[in-house]
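K.L.:
Before we start, here is the structure in question, set down as structure tokens.
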């Protein structure tokens, strides 16, 4: 990239294009603008970004940021207490005070509420709510695993999720540009791997697997399969040519670590089941993955995998993107907290309300 000023201009250009047309015209507009991002939504890819949280602009513009803001984490995600990281040390983000101390409620500039931990609405501090205080709804589960949505309209000011049109957009991962490099792939002898902890015969991914395994050998790891090598997903999957990056439910933008970490970090071609191919291509090159929708049946997919297995040149084409890009896997949860703080600073006194949370998130 050519400097911080260009980076800021490109960020705004990406985001404005995204707002004008989120889906069908987005990719063509970005390409026409000759942007260098492989991630075709709002990312401006730079090696600098890997050292810190993503400074995605909010939807309503920015004002002069305050010197310091306090962000209160109302619920520690999934009830697990953990030591909070320092935003300055971890991501070079200054002026942020991240805390779980509810006694600091009055002075908090923003409060973050993890959706999966909302079970008793009486626990939400409505009576003491400050008009200038920003309440941030944070959720990284799909709508299929997000109860209470219909009851939360008009409560929160901002949304933070994996969806591109969130007020604070935090994907599970992204590609960032690097200096051109030669592709070096490890030698692999095994064919297809799948790591799964939530096995449900009613899920589309399990039904697809049950048919696919009739035509190609698949090694299943996790709670209902083999033990991971050294209890490490990447070390395990790195021995395989392909990985089943099957999401537990199919929703817009819901592309999780199954793609970014399990497949890409393991140098395995992801076979994806999730949103549409078009949705995936907003985030990654079209030639970097295989979508189950590309084939009329699991049998046809299996035939293609066997063909790739025997054709090394065709197989290697799926890794062409690695010449120019690398993968960042978002770190839970410090990166989210610090990015939220950064966004609060940038927004200043700007204020809004998420009036129809369910209608938006389930769309």
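K.L.:
If you count, for each residue, the other Cβ atoms within 10 Å and average over each peptide, how do 185-194, 91-100 line up from highest to lowest?
P.N.:
For the peptides 185-194, 91-100, the packing ranking is 91-100, 185-194.
K.L.:
Can you work out the FRET efficiency for the pair residue 131 and residue 249, with r the C-beta to C-beta distance and R0 = 30 Å, to the nearest 0.05?
P.N.:
0.25
K.L.:
When you count, for each residue, the other Cβ atoms within 10 Å and take the mean per peptide, how do 259-265, 332-338 rank with the highest first?
P.N.:
259-265, 332-338
K.L.:
I need to check one value: relative contact order of region 65-165, counting alpha carbon pairs closer than 8 Å and at least 6 residues apart, in percent.
P.N.:
That works out to 27 percent.
K.L.:
Of the listed peptides 213-220, 157-164, 273-280, what is their order by residue-averaged count of other C-beta atoms within 10 Å, with the highest listed first?
P.N.:
157-164, 273-280, 213-220
K.L.:
Next question. Once a ≥ b ≥ c are taken as the square roots of the eigenvalues of the Cα gyration tensor of region 190-323, is the result rounded (a/c under 1.5), prolate (a/b larger than b/c) or oblate (a/b not larger than b/c)?
P.N.:
Cα axes put region 190-323 in the rounded bin.
K.L.:
Shifting gears a bit: Please report the relative contact order for region 190-323, taking Cα pairs under 8 Å with a sequence separation of at least 6, and give it as a percent rounded to a whole number.
P.N.:
Relative CO of region 190-323 lands at 23 percent.
Each reported figure results from applying straightforward, stated rules to the coordinates on display, with no laboratory input. Because the structure is predicted, anything quoted here is derived from the model rather than measured. FYI the Cβ positions are ideal-geometry reconstructions off the backbone, even for glycines, and counts take in every protein chain you see.
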